[in-house]
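Read the structure below first, then the notes.
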Amino acid sequence: MDRAISTYGSPAPPMGFFVRPMRMEDIPQTSAVERACFPAGWIATPFKKELKNRSAVYLVACEAADPKNALAEAHAFDHAPAPEEPAKGGLLQLVKGVFSQPEPPPEDQRQKIVGFVGVWFMVDEAHITVIGVRDEHRRHGIGELLLLAALEVSFQRGAHVMTLEVRVSNQAAQGLYKKYGYQAAGVRKGYYTDNKEDALIMTTEAIGSSAYRARYEQLAQEHAQRWGASVRWVG
């Protein structure tokens, strides 16, 4: 599937963060973000397995080294060999690839991951399974940036509606989701394992409708006006 580049708000100044698909080499950083975001007892996402799941998409929000160059930085990941892919370049290279994997870039050359989102696709539904942002990077529009990217990949996949669960006590998150058209659809009792808190099930209207697309376009523009024009490279 082609990559989709989304930029909004020009000539708004660029946002200092961008979104791109997660790679195997991102697992240590993304796992660290997940541990920091969620309480003890949270069941860790099996990223290695999930990244091989054709029914799931994981996206990461990265801090741009140069906000004006965010598009090139987002694009750069797609040209580095994936750690689990055999190198290309003839039979000899293919054979070598079977027995050895390309090394990921040194840690000091890796893009800094500040947040992530996971989406599962089931028939015509897109379900946000997890979303998190480093505490020190919250209140900078990154959570909403990830929500926009999740919505865009759901458009790409032809999803009809989007769903998620959120703690009944998390009013801030519920407010953001309502802004994007999510409505309460039920409650999962004792859903969260750390404290047995209930989860509110939220779902959107049909995201392919002209009314919802207009809402999305408006919200994307508002996000750019407040936080800067963003790059969201989804797969």
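Where a number appears in this text, it was derived from the coordinates with a stated rule and is not lab data. Since we're looking at a predicted model, the values are computed, not measured. In this analysis, Cβ positions are derived from the backbone assuming ideal geometry, glycine residues included, and neighbour counts consider all displayed protein chains.
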(request) Specify, per residue and in Å³, the volume enclosed by the convex hull of the alpha carbon atoms belonging to the range 163-221. (result) 75 Å³
(request) Would you mind putting 209-221, 63-75 in packing order, based on average other-beta-carbon counts within 10 Å, highest first? (result) 63-75, 209-221
(message) Strictly over 24 Å apart at the Cα level, which of 68/112; 48/178; 49/112 would you flag in this model?
(response) 48/178
(message) Sort 14-23, 196-205, 224-233 by packing, meaning the average of other beta carbons within 10 Å per residue, with the highest value first.
(response) 14-23, 224-233, 196-205
(message) List the residues, sorted by chain then number, that are 5 or more residues from residue 64 or on another chain and whose placed amide H is less than 5 Å from its amide H.
(response) 17, 18
